[in-house]
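> Attaching a single structure in structure tokens format; questions to follow.
The values are calculated or read from the model by the stated rules, or taken from the named source; none is laboratory data. Note that the structure is predicted; figures quoted are calculated from it, not measured. Cβ placement follows ideal geometry from the backbone for every residue including glycine, while neighbour counts extend to all protein chains displayed.
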Amino acid sequence: MASITLKNVIKRYGSGKTANQVIHGVNAEIADGEFIVIVGPSGCGKSTLLRMVAGLEEISDGQISIGPRVVNNLEPAERDIAMVFQNYALYPHMSVFENMAYGLKIAKVPMDEIKARVDKAAKILEIGPFLQRKPRELSGGQRQRVAMGRAIVRQPQVFLFDEPLSNLDAKLRAQTRLEIQKLHRELGITSLFVTHDQVEAMTLAQRMIVMNGGVMEQFGTPEEVYTRPASTFVASFIGSPPMNLLKSAPDAPPDTIVGIRPEHLDITPSGWALQVEAVEMLGAERLVYGRWEHGSGDELVIIRTEESHHVPTLGSTIHVTPRADKIHHFESSTGKRKAEQP
Amino acid sequence: MVERNTGTRILAHAIMILGTLVVAFPIYLALVASTQTPQDFRQAPVPLWPGSNLWASYSAALTGGTSNLPVARMIWVSFVSTMVITFGKISISLLSAFAVVYFRFPLRKLCFWAIFITLMLPVEVRIGPTYQVVADLGLINTYAGLSVPLIASATATFLFRQFFLTVPDELVEAARVDGAGPMRFFKDILVPLSRTSIAALFVIQFIYGWNQYLWPLIAATSQDMYPIGVGLKQILGTGDAAPEWNVVMATAVLAMLPPAFVVVLMQKWFVKGLVDTEK
């Protein structure tokens, strides 16, 4: 097991004037045994970052260390990592056993130890009965387990997951999420997990890296990221529905975007006057979309309410009041979070 | 079939049976001829039912009989040179496709197109210079001379290239993470995955090699290095003597057996490969 250190990591394709930089200096210290989720929209560089740690992409600048070793110039196999790929990348012509054993065979681990390790991993993942089958005879969920098994048997210092759940259906995904958590508790191996799904990120992460456009926007626990987003991007990316970002709230300080999460707006007898445009029923709660017309323009505000006896009707006007301690302030020009007012 | 009524079914079957008859009749006639005595077969009308001279015809063909060209030897020569051509073609094409698809080296595109363009020229076009090279190397009347000039193949290289391009990148990366070097990846993953393509090519190239006529005609000058295609022509004779049709046909039937055997045998692989796709 090992820590991972990213020091000003940069990735660019091409060189000279035509160079296209896709990762702009990422710094992160990941402690031994931590489960880190890298989350962001597609094209934000999260997979590239992971692949640089894996050694599948060259590091253009900066430094990546796993444990005490700088791994910039090491082949993937020498980095003591194991990776679970999005499409599992199982070798189609090999049985499940051979798939899991292949890396060990190349590393010249003695056959009886390979057997023991594969059997152990198969037991943990409950894929024992399938060891002699070919990947094509397995369901998506089972293949996913085999892919994880292949990673486990190598007993690596670091696990890398590249959106491993995106090909599973919703139910299986939730179940596998729990299993990955359990697995991490049992094995305690440092893990990097890339996903575009914020629910996955929130539920799995001990700490999460939120990426946007090749820049690390925030690195913190899910709690921190949710309650104190570092920028308007994080505020709108994490949380569903996203935080309301009001660019021209009348009572805001100058050059400030006011952020308030939908669940922190209460329907009150007086306050911001919203005209209801849509109401969505989600079961336990409702989303109310209201247009707030104020002196300097109008804005769409989303409210999440559990109230069921008083349902706002379309076109009616309701009044809402934000909870004072839940209001966020962001710089309008940069989108960065403003320093907390004392 | 879209239509399922009786009329179209009968029509379809009639056409297919007719087609089969057209294709099969010459082969049948060859079989019949090989069982006749030379005199019987030369009479009009040509006999359409097997005669009683089967044993004599085939033993004459196999041992050389009157023409002194034993079929057994010619089949052996054909078999060896065909196997060298087939396996040579498959291994060289696999390797060159591997290089072209998986390695980034300078002038890679140029190499690919050079292979492609030069090898689109068939043996006939380059037969003069090829003969010169083979003769200078002293390879006339050797198995190497019969097979090596026919080994390089753009078709097979192209086919494997297309197949390799469909192998997902993730598989390559998984192998890298597992610590497999390029040749290990080639041997353990790429070649096993190409099995069905290899089987298909084996059939095609075996028949290509077996049916070679022009090249062996000039590369083999001594009788004991004649492959079956060339030998058949010799048995037919050129002089005044009437050809011994029973021996010629027996030779032709024997010459057909190995490729037929290969097709029948590999057909199972084809079907297997088509039924359980491994992706």
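> If you go through segment B:10-19 one residue at a time, do you hit one that is under 30 Å from B:Pro227 (Cβ atoms) and exposed (fewer than 12 other Cβ atoms within 10 Å of the Cβ)? Even if it seems obvious, please write down each step before you answer.
Step one: filter segment B:10-19 for residues under 30 Å from B:Pro227 (Cβ atoms), giving none.
Checked against the condition, which is being under 30 Å from B:Pro227 (Cβ atoms) and exposed (fewer than 12 other Cβ atoms within 10 Å of the Cβ), segment B:10-19 yields no hits at all.
> Which is buried (at least 18 other Cβ atoms within 10 Å of the Cβ), under 24 Å from B:Val167 (Cβ atoms) and within 14 Å of chain B (Cβ to nearest Cβ), of A:Met100, A:Met94?
Just a single option satisfies the conditions, and that option is A:Met100.
> Return the only residue of A:Val70, A:Val96, A:Val118 being under 24 Å from A:Phe193 (Cα atoms), without any contact (Cβ under 8 Å) to a residue 24 or more places away in the chain and among the aliphatic types (A, V, I, L, M).
A:Val70
> Give just the number: which of (1) over 22 Å from the mean Cα position of the chain (by Cα); (2) modelled with pLDDT of 75 or more; (3) of a type in the set (Phe, Trp, Tyr); (4) part of a helix (DSSP H, G or I) does B:Phe87 not satisfy?
Against the list (1) over 22 Å from the mean Cα position of the chain (by Cα); (2) modelled with pLDDT of 75 or more; (3) of a type in the set (Phe, Trp, Tyr); (4) part of a helix (DSSP H, G or I), B:Phe87 comes up short only on (1).
> If the requirement is being among the acidic types (Asp, Glu), modelled with pLDDT of 90 or more, surrounded by fewer than 20 Cβ atoms within 10 Å (Cβ to Cβ) and in contact with a helix residue (DSSP H, G or I) (Cβ under 7 Å, 6 or more places away or on another chain), which of these qualifies: A:Glu34, A:Glu57, A:Glu29?
A:Glu57
> Among the residues of segment B:187-195, is there at least one that is of a type in the set (Asp, Glu), within 30 Å of A:Leu50 (Cβ to Cβ), touching a Phe, Trp or Tyr at 6+ places or on another chain (Cβ under 9 Å) and within 14 Å of chain A (Cβ to nearest Cβ)?
As a first pass, look at segment B:187-195 and keep what is of a type in the set (Asp, Glu): B:188.
In the following step, the residues that additionally are within 30 Å of A:Leu50 (Cβ to Cβ) were identified as B:188.
Restricting the remaining residues to those that are touching a Phe, Trp or Tyr at 6+ places or on another chain (Cβ under 9 Å) gives B:188.
Right, trim to within 14 Å of chain A (Cβ to nearest Cβ) and you get B:188.
Within segment B:187-195 (the criterion being of a type in the set (Asp, Glu), within 30 Å of A:Leu50 (Cβ to Cβ), touching a Phe, Trp or Tyr at 6+ places or on another chain (Cβ under 9 Å) and within 14 Å of chain A (Cβ to nearest Cβ)), the answer is yes, since at least one residue qualifies.
> What are the residues in segment A:60-91 that are surrounded by fewer than 19 Cβ atoms within 10 Å (Cβ to Cβ), in a loop (DSSP other than H, G, I, E, B) and not polar (S, T, N, Q), if any?
Selection gives A:Gly67, A:Pro68, A:Leu74, A:Glu75, A:Asp80.
> Looking at segment A:32-55, is at least one residue within 14 Å of chain B (Cβ to nearest Cβ) and either part of a loop (DSSP other than H, G, I, E, B) or free of Cβ contacts under 8 Å to residues at least 24 places away in the same chain (or both)?
Looking through segment A:32-55, at least one residue is within 14 Å of chain B (Cβ to nearest Cβ) and either part of a loop (DSSP other than H, G, I, E, B) or free of Cβ contacts under 8 Å to residues at least 24 places away in the same chain (or both).
> I'd like to know if segment A:62-73 contains one or more residues that are within 14 Å of another protein chain (Cβ to nearest Cβ) and either touching a Lys or Arg at 6+ places or on another chain (Cβ under 9 Å) or at pLDDT 95 or above (or both).
yes
> Okay, next question. Of the conditions (1) assigned to a loop (DSSP other than H, G, I, E, B); (2) more than 14 Å from chain B (Cβ to nearest Cβ); (3) over 21 Å from A:His196 (Cβ atoms), A:Glu113 fails just one. Which one is it?
Exception for A:Glu113: condition (1).
> Of all residues in segment A:116-148 being of a type in the set (S, T, N, Q) and in a helix (DSSP H, G or I), which is nearest to A:Arg177 (Cα to Cα)?
Looking at the filtered set, the residue picked out is A:Gln144.
> Right, here's the next one. So which residues in segment B:173-195 are without any contact (Cβ under 8 Å) to a residue 60 or more places away in the chain and charged (D, E, K, R)?
Within segment B:173-195, B:Glu173, B:Arg176, B:Asp178, B:Arg184, B:Lys187, B:Asp188 qualify.
> Right, here's the next one. What is the residue count in segment B:118-170 for residues that are part of a helix (DSSP H, G or I) and within 30 Å of A:Leu56 (Cα to Cα)?
Going through segment B:118-170 one residue at a time, the tally reaches 12.
> State the number of residues belonging to segment A:1-21 that are under 22 Å from the mean Cα position of the chain (by Cα) and basic (Lys, Arg).
Matching residues across segment A:1-21 total 2.
> Right, next: Which count do you get for residues in segment A:122-142 that are more than 14 Å from chain B (Cβ to nearest Cβ) and of a type in the set (D, E, K, R)?
Counting residues in segment A:122-142 that are more than 14 Å from chain B (Cβ to nearest Cβ) and of a type in the set (D, E, K, R) gives 2.
> Does B:Ala200 satisfy the criteria of being of a type in the set (Gly, Ala, Ser) and within 14 Å of chain A (Cβ to nearest Cβ)?
No: the conditions fail for B:Ala200.
> Sticking with this structure for a sec: Taking the stated definitions as given, is B:Ala175 over 19 Å from the mean Cα position of the chain (by Cα), small (Gly, Ala, Ser) and closer than 30 Å to A:Ile106 by Cα?
Numbers: over 19 Å from the mean Cα position of the chain (by Cα): yes; small (Gly, Ala, Ser): yes; closer than 30 Å to A:Ile106 by Cα: yes.
It is true that B:Ala175 is over 19 Å from the mean Cα position of the chain (by Cα), small (Gly, Ala, Ser) and closer than 30 Å to A:Ile106 by Cα.
> Would you mind listing the strands (runs of 3 or more DSSP E) fully within segment A:149-264 where at least 1 residues are of a type in the set (Gly, Ala, Ser), within 19 Å of A:Arg323 (Cα to Cα) and in contact (Cβ under 8 Å) with a residue 24 or more places away in the chain?
Fully inside segment A:149-264 and qualifying: A:256-260.
> Moving on. Is there a residue being in the same structural domain as A:Arg79 (by TED's automatic domain parsing), surrounded by fewer than 23 Cβ atoms within 10 Å (Cβ to Cβ), more than 28 Å from A:Arg304 (Cβ to Cβ) and out of contact with any Phe, Trp or Tyr (no Cβ under 9 Å at 6 or more places or on another chain) anywhere in segment A:138-149?
Scanning segment A:138-149, I find at least one residue that is in the same structural domain as A:Arg79 (by TED's automatic domain parsing), surrounded by fewer than 23 Cβ atoms within 10 Å (Cβ to Cβ), more than 28 Å from A:Arg304 (Cβ to Cβ) and out of contact with any Phe, Trp or Tyr (no Cβ under 9 Å at 6 or more places or on another chain), so the answer is yes.
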